[in-house]
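The structure appears below as structure tokens.
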Amino acid sequence: MDVQSTDCVSGRRFLCIGLDRYSRVSIFLGSMELTKIDVLMIMILMKKSLLSVVSLCCLVLVGCSPVSGEIGTANETGTINVVVGVYPYAYMVETLGGDRVSVTNLAEGSVEPHDLELTARQVRTLTTSDLIIYQRGFQPALDAGVEQSQTPRIFDVTTVVPLENSGEGTLDQHIWLDPVLMATIAEDVASLLIEIDPAGEEHYRANLEGLITTLNRLDEDYTQGLATCERREFLVEHAAFGYLAQRYNLTQISVKGVNPDVEPSPGHLAQIYEEVELRGLTTIFYDNSSGAELTPSGSTQSIADDLQLRIWPIDPLEQAPTQQVDHHNKYPDVMDMNLWSLRSANGCP
Ligand SMILES: [Zn+2]
């Protein structure tokens, strides 16, 4: 082909349009002449690329802005939106923050925190919150939600309090039943609230002092109340009291494991019967809380019947409180109640 454009012939231009002597248009890519099909394909590809660029811009400009807007809205109301996975952290944040915080407990009502499933609305709440407090490995649905969340501050409590092996091949997550560990966690939560809302620093520090005083008082009561007892062993349905037992030199014997859904094997039941008789235990504790109104499981009832044990409630503080209990005081109130029950079961004067 005789092309008039010298640029095309010399290859100085990568893409150019040339005219032959009959003024027919030819398109060249480098020195290669393109067919009509080639040109069409290039146009489609260019159009697609253009669309991709436009889509990307839309995602950045439109897709991201509502999320930022919602975080902004939370701040405009003057309250920090905090999401927690289990009740004791709701108590903690409300005690530290008061009116400056708004807390969402994902395991509210009768939801069993171990079996937490997130609704679409809760997933959205995770994304728009200012702070998420959770324990990695405790609630798989929440772990997944946290990974997708765009919340700038996420506090995994287990990074501050290393979890211990439950003896069942899993980690024991029930750290909130140890008031000393709660105090450690409270220090970090207060620091995070101050970071998010520096204007409230004085408020948070004063409340932290109050909370630490409460937790120290509980620790002293437990230490003294369980110092001299007839027995150091106690029998529970759900192995939620491992950290508490370790702190106050008690031994927890449990019907089920750290996960209350797992039923005991015949071998494990035989061990329990042996321990109860050997230690002279009087009581079998079952999980109960004002929020859940749980009943003893079939295996707990059978053990109690067979061994003539008293069935008594103990609260692992996993359920949110009901209206009858003052939300702000429930954690220490329940801890007091649990101490009274343990002292009674173990013959502590
Ligand atoms: Zn539990």
* Structure fact -> Length gained, GLU274-THR251, 0.36 nm per residue minus C-alpha separation, equals 6.8 nm
* Asked: Hey, rough spin-label estimate for GLU202 and GLU117, points 7 angstrom out along Cα→Cβ, what's it come to in nanometres?
  -> 4.9 nm
* Structure fact -> By Cβ neighbour count within 10 Å, fewest first, THR95, THR127 rank THR127, THR95
* When the chain is fully extended, how far beyond the present Cα-Cα distance does ASN216 get from GLU168, taking 0.36 nm per residue of separation? -> 14.2 nm
* **Fraction of beta bridges assigned by DSSP in region 66-221 that are antiparallel (%, nearest 5)** => 15 percent
* Asked: What is region 226-346's relative contact order, in percent, from Cα pairs under 8 angstrom and six or more apart in sequence?
  -> 26 percent
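Throughout, read-outs are computed from the coordinates displayed, never taken from laboratory work. Note that the structure is a prediction, hence the values are computed from the model and not measured. We place every Cβ from the backbone using ideal geometry, glycine too, and count neighbours over all the protein chains shown.
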